[in-house]
Amino acid sequence: MTSGQGASSAQRRDADPDITTSKGKTTMTITLSDQDKSTLRIAAYGAVTLMAAAGAAGKPHKIATTGSIALGSATGLIGHVLADHPEGKDLTGTSVAEIADRVLPALTAAMNLLKQQDPAEAGNFRSTVLVAVETAQMHQGRPSPATAEMVRKITEALDAARVAVADSGAVPEAAAGQDRPELQQAIEEIVDTGFLGVSLRVHDERGAWAGSAGAAELGGTAKPPINGHARIGSNTKTFTATLVLQLVAEGKIGLDIPAADYLPEFGLDERITVRMLLQHTSGLFNFTGEVYDDGSIVHGIPVPYGTTGREWVDNRFHTYRPEELVRLALSKPARFEPGTGWSYSNTNYVLARLLIEKVTGRSLAEEMQRRILGPLGLSGTVVPDSSPEIPEPHTHIYYRYEDAGRQKTIDITRHNPSWVSTGGDMISTSQDLHTFITALIGGKLLPTPLLAEMCTPRATGIPNFEYGLGVIVQKTDCGGTVITHSGGTVGSTTLMYITPDGGKTMTAVLNWVADADMSIATALRNAQQRLVNEVFCGGQADPARPAD
């Protein structure tokens, strides 16, 4: 048997029986042979070795050391195994490829053997490895394409495990796209309505399915990467609200305390509370512009839509600082008195970012990594601040505009997202979004009372659109309820939906060629509704509800 294979059932019967984990009132004994333990150690320390080898142009020894320290912080069964004779820590090989040939199968084998006995321990192992990988990447300096690609391979190897566990609550992965032809057909038909590419991920009672349709770039034949990176727009707000509520749980922030108590430098209206920021009831002007009931428009910063589209294109690498965006918003009249209405404003969430940074003394990126991304193993999720980069792989996004009387289309995949800041600047993947929203609604990130407050919606005046604290609560056409916060940014929309019981999730990325007139708007609304109906209503929509 090679080191990348799990031990047989017969071997396990004669192995160490002393490792146990408690599950409520039940104690489950996990039996691991010496070969099993070796596989876990080779997989975990090998992942760190791969990160060091891929980043050899940087400081490989430091990368390996910091990654190994992260592994050393593992607890429970995983900590016991990794701390005991860490064979595999110093893997040898003549090339990165040779090491990968040994380590990547070991990662899959390790997940399989743990899933077979206790899926919770498999999840613990996966999170431990991804935290170590993320730590190694952070200490490399500026991540290189090689290390980003290695993160992707390690994550794929972890997620390649296919062991089905009876009565475990674990969701088995679908073997291939043909297992859900109705979903593949839906995204292919959506592409035909004017989209460049669509990728979709569904987790439900039938298992997990992921597929894509269309193209990754104009003129290309390759499909969009199924788990590619995407700019997630206002899904950023759900991450940010979760972080604020974690600080509320720790007593560092009060939901109903005036935001001005924490951020006195802005001279905010004393009636505006932290809750109002998260709920969009502050009345503050939206720095990306306001459209009023009479149809009049008051511009803020240049945005990719309307009359400022070309200006945005020309200045798409400009850096805005959060304080600058807030002060611009405060220079404009408020829409209403605090707490007396509802209006979506990105300004609220930039203030939430500044609040987090003031209270913790750390940057939003650091705090997000420490509290959410690291613990959940979200290695594909990035808080970019002003960086225009987006990790590979990803689908491209484009912008079309008129230049000297001629239509011109340019690639805007790289642009500085500081123009929207915490209103919608984060990058993630469909898998990471699934992991995040499942953990959130499953109670792993917030105490029950605060999660309940987060998901208690307020009427907004918009049909079938009620807003909680960083989440939207909607009814489906078939009478169910979903919790969501989809995020649109220029040329791309990312969808994130979950049922209140956490039993079904849908995450998706749709890309297109954007323009100042938002000509895709109707097709986008129809596509979003189509996917919700396919996933949450079995393809059945309310026949009394007309399409746009």
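At a glance:
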| quantity | calculated |
| --- | --- |
| Filtered residues of the range 20-51 (kept if open to solvent by less than 10 Å² (accessible area, probe 1.4 Å) and either hydrophobic (A, V, I, L, M, F, W, C) or at pLDDT 80 or above (or both)) | I30, L32, T39, L40, I42, A43, A44, G46, A47, V48, L50, M51 |
| Residue in the range 240-247 that is of a type outside the set (A, V, I, L, M), under 27 Å from the mean Cα position of the chain (by Cα) and under 16 Å from P322 (Cβ atoms) present | yes |
| The range 347-382, residues that are in contact with a strand residue (DSSP E or B) (Cβ under 8 Å, 6 or more places away or on another chain) and open to solvent by 30 Å² or more (accessible area, probe 1.4 Å) | V382 |
| Which listed residue is under 30 Å from S519 (Cα atoms), open to solvent by 30 Å² or more (accessible area, probe 1.4 Å) and touching a residue at least 12 places away in the same chain (Cβ under 8 Å), from F317, F287, F336 | F317 |
| Hey, D425 open to solvent by less than 50 Å² (accessible area, probe 1.4 Å), charged (D, E, K, R) and closer than 19 Å to I498 by Cα or not | no |
| Only listed residue being assigned to a strand (DSSP E or B) and either at pLDDT below 95 or more than 19 Å from the chain's Cα centre (by Cα) (or both), chosen from G503, G488 | G488 |
| F285 being at pLDDT 95 or above and under 25 Å from A521 (Cβ atoms) | yes |
| Yes/no for D432 being assigned to a helix (DSSP H, G or I) and buried (at least 23 other Cβ atoms within 10 Å of the Cβ) | yes |
| Residue count, the range 320-379 (criterion: small (G, A, S) and out of contact with any Asp or Glu (no Cβ under 9 Å at 6 or more places or on another chain)) | 6 |
| Meets criteria (open to solvent by 10 Å² or more (accessible area, probe 1.4 Å), farther than 30 Å from T409 by Cβ and outside any helix (DSSP H, G or I)) for E323 | no |
| Subset of the range 387-407 (residues that are at pLDDT below 95 and among the polar types (S, T, N, Q)) | Q407 |
| Residue in the range 303-317 that is within 30 Å of G254 (Cβ to Cβ) and part of a loop (DSSP other than H, G, I, E, B) present | no |
| Looking only at the range 216-230, and only at residues there that are free of Cβ contacts under 8 Å to residues at least 60 places away in the same chain and within 21 Å of V490 (Cβ to Cβ), the one that is most open to solvent (accessible area, probe 1.4 Å) | G219 |
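Rundown of residues vs (1) more than 29 Å from N315 (Cβ to Cβ); (2) among the hydroxyl-bearing types (S, T, Y), yes/no style:
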position	(1), (2)
Y344	no, yes
T347	no, yes
E366	no, no
V383	no, no
Y401	no, yes
A404	no, no
S421	no, yes
A439	yes, no
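The values are calculated or read from the model by the stated rules, or taken from the named source; none is laboratory data. Not measured: the values here are computed from a predicted model. Note that each Cβ is placed from the backbone with ideal geometry, even for glycine, and that neighbours are counted across all protein chains shown. All accessible areas refer to the heavy atoms of the entire protein, side chains included, with ligands and DNA or RNA removed. Shrake-Rupley method; radii C 1.70, N 1.55, O 1.52, S 1.80 Å.
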